[in-house]
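The values are calculated or read from the model by the stated rules, or taken from the named source; none is laboratory data. Being a predicted model, the structure only gives us computed values, none of them experimental. Here the Cβ positions follow ideal geometry from the backbone for every residue, glycine too, while neighbour counts run over all protein chains shown. Note: accessible area is taken over every heavy atom of the protein model, side chains too, but ligands, DNA and RNA are not part of it. Shrake-Rupley method; radii C 1.70, N 1.55, O 1.52, S 1.80 Å.
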Amino acid sequence: MYKFRLWSVSNARKLEAVYRNFEPVLIRLHPLFKWLGYGRLEKPVRVVEKVIKGLMFDCQMCGKCALSSTGMSCPMNCPKSIRNGPCGGVRLDGNCEVKPEMRCVWVEAWRGSQQMRDSAAINQVQIPVNHLLKDSSSWLRVVRHEFAAHEKELAQ
Ligand code: SF4
């Protein structure tokens, strides 16, 4: 919902803090997730993620979440799906070229990112969307990825 989306950007710092606390909990649950089976968990986690993030960010379930680098403004709401924006068409009032009634998601991303503790994260270049990941859970992907990185670190 558009109003909630704007609210999320306005509260990017608080949401960043929530995420910073939420992520380690998820990562600690990796052994349990592994025991239960990631394949089996995918569907229920995806449903929960879709409802929560759909409400708060108009999430399109791209499968590779960029919110922590984009000021809590989902780049997939850009009508051109630009992952590294903005394009050259932003209007003088900061609204979108394609949808004049909507704020440019990248103008919003900048607004949100400047409130965040990691305000430099927006400078990271985002990799292109992998459409094979569409409709999969970013949360579970982060857990697997972070846990694998953690294990690699321990092995060194
Ligand atoms: S970046 Fe992807 S996963 Fe994150 S809110 Fe946007 S569509 Fe959803």
Query raised in the report: Going down the table (3/152; 3/34; 14/64; 34/64; 34/80), which pairs top 31 Å between alpha carbons?
Result: 3/152; 3/34; 34/80
Requested in this report: Please work out the average accessible area per residue across the stretch 1-114, using the 1.4 Å probe convention, and give it in Å².
Outcome: 57
Report summary line: Expected vector for the stretch 122-131, Karplus 3J(HN,Hα) from phi with 6.51, -1.76, 1.60 and θ = phi - 60°, integer Hz, x for Gly and Pro, equals 5, 6, 5, 7, 7, 6, x, 5, 9, 5
Requested in this report: Summarise the accessible area of the stretch 1-130 (1.4 Å probe, protein heavy atoms) by the percent that is carbon and sulfur.
Outcome: 62
Query - Extension gain from residue 4 to residue 42, taking 0.36 nm per residue of separation minus the Cα-Cα distance - result: 11.1 nm
Requested in this report: Would you kindly find the accessible area of residue 152, with a 1.4 Å probe and non-protein molecules such as ligands, DNA and RNA excluded, rounding to the nearest 10 Å²?
Outcome: 130
Query raised in the report: How large is Rg/Rh for the stretch 61-121, to two decimals, with Cα atoms and a Kirkwood Rh?
Result: 0.96
Query raised in the report: Where q = 0.16, 0.18 Å⁻¹, what log10 of I(q)/I(0) comes from the Debye formula for the chain, counting one point per Cα?
Result: -0.93, -1.14
Requested in this report: For the stretch 4-21, take each phi angle, set θ = phi - 60°, evaluate the Karplus expression 6.51 cos²θ - 1.76 cosθ + 1.60, and give the result in whole Hz per residue in order, putting x for glycine and proline.
Outcome: 5, 4, 5, 4, 4, 5, 4, 10, 4, 5, 5, 5, 4, 5, 4, 5, 4, 7
Query raised in the report: Dipole magnitude of the chain about its Cα centre, charges +1 at Lys/Arg Cβ and -1 at Asp/Glu Cβ only, in debye to the nearest 20?
Result: 260
Requested in this report: Would you kindly calculate the translational diffusion coefficient of the stretch 87-151, applying Stokes-Einstein with the Kirkwood radius from alpha carbon pairs, for 10 °C and a viscosity of 1.306 mPa s, and quote it in µm² s⁻¹ without decimals?
Outcome: 108
Query raised in the report: Once you charge only the Cβ atoms, +1 for Lys and Arg and -1 for Asp and Glu, what is the size of the charge dipole of the stretch 107-156 about its Cα centre, to the nearest 20 debye?
Result: 80
Query raised in the report: If r is the Cβ-Cβ distance from residue 35 to residue 153 and R0 is 22 Å, what FRET efficiency results, to the nearest 0.05?
Result: 0.45
Requested in this report: Apply the Karplus parameterisation 6.51 cos²θ - 1.76 cosθ + 1.60, with θ equal to phi minus 60°, to every residue of the stretch 103-120 and state each ³J(HN,Hα) to the nearest whole Hz, in sequence, with x for glycine and proline.
Outcome: 5, 4, 4, 7, 5, 5, 4, 5, 4, x, 5, 6, 8, 7, 4, 8, 6, 7
Report summary line: Under 5 Å from the placed amide H of residue 95, counting only residues 5+ away or on other chains, we find 104
**Report entry** Whole-angstrom gap from the stretch 68-104 to the stretch 1-44, using each part's C-alpha centre
**Finding:** 24
